[in-house]
Amino acid sequence: MIVHLISSYGVFLIAVVIALECLALPLVPGEAVMIAAAVYAGTTHELNIVAVIAAGMAGAVVGNIGGYFLGREYGYRLLVRYGGKVGMSESRIKIARYLFRQYGARVVIAARFITVLRSIAGILADANHMSWPPFLMATLIGGVVWTTLYGLAGYYLGDRIHHLAGSAGAFIAVAVITVVFFVARAVGRREEQLRVAAEEAYPGPLTETHRN
């Protein structure tokens, strides 16, 4: 399904989906689209990998900036009220707030690689009174690093599968899926540890009025 959409709409789809994911819509598969597009570019060469990476960067930066200004007015209230409907439970919001309080601007960069944070980093940046210049710099760095790493890795994988026949290509695909599985499990364990720490920092139910 994703590959079909990529083949139909190209880099425009990449930019739009990633931007939407960064506007507090974690169920939008921005990361999956980025990886799938890069693999598709490497396998078919119907998309230019530079264009794929550039589209991902644009979507990541625009989405984060949109989230930043959204958070200024009412984004945090909406996140607390309706976050559960889009996969952002109270515990995940608390984790994001906890990490932001601990690490500040570095979270904006790291958030590109963490599902829990990627969708709400912009909202929480403004909600935590982070000034515009460091936020913009962190957003640019995170967007460039994330899209370049994912783009080049996916492109290389697609190119190798394209050139390797039969069982060799299948072996690479299985190996990649296995690695992703174990990384996901490791992230899940880390999330549980952070959930405990965040609950200690923000005990009880969240309110729609944000306080540091």
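With the cut-off at under 17 Å, measuring from each backbone N in the stretch 22-50 to a point 7 Å along the Cα-to-Cβ line of residue 148 picks out 49-50.
Quick check: residue separation of residue 90 and residue 72 times 0.36 nm, minus the Cα distance between them. What number comes out in nm?
Values: separation 18, 0.36 × 18 = 6.48 nm, distance 1.97 nm.
Going from the current span to full extension adds 4.5 nm.
The GluC sites (Glu not before Pro) found in the stretch 25-92 that occupy coil by DSSP, while having at most 16 further C-beta atoms within 10 Å, are 46.
If r is the Cβ-Cβ distance from residue 136 to residue 27 and R0 is 30 Å, what FRET efficiency results, to the nearest 0.05? Let's see the in-between values first.
Details: r = 26 Å, r/R0 = 0.88.
FRET efficiency, residue 136 to residue 27: 0.70.
With the simple spin-label model, which puts each label point 7 Å out from Cα in the Cβ direction, the residue 196 to residue 102 separation comes to 1.3 nm.
Is the shape of the stretch 1-150 best called rounded, prolate or oblate, per the rule: a/c under 1.5 gives rounded, else a/b larger than b/c gives prolate, else oblate, with a ≥ b ≥ c the square roots of the Cα gyration tensor eigenvalues? The shape class here is prolate.
Readers should treat all values here as calculations from the given coordinates under stated rules, not as data from a laboratory. These figures come from a predicted structure and were not determined experimentally. Note that each Cβ is placed from the backbone with ideal geometry, even for glycine, and that neighbours are counted across all protein chains shown.
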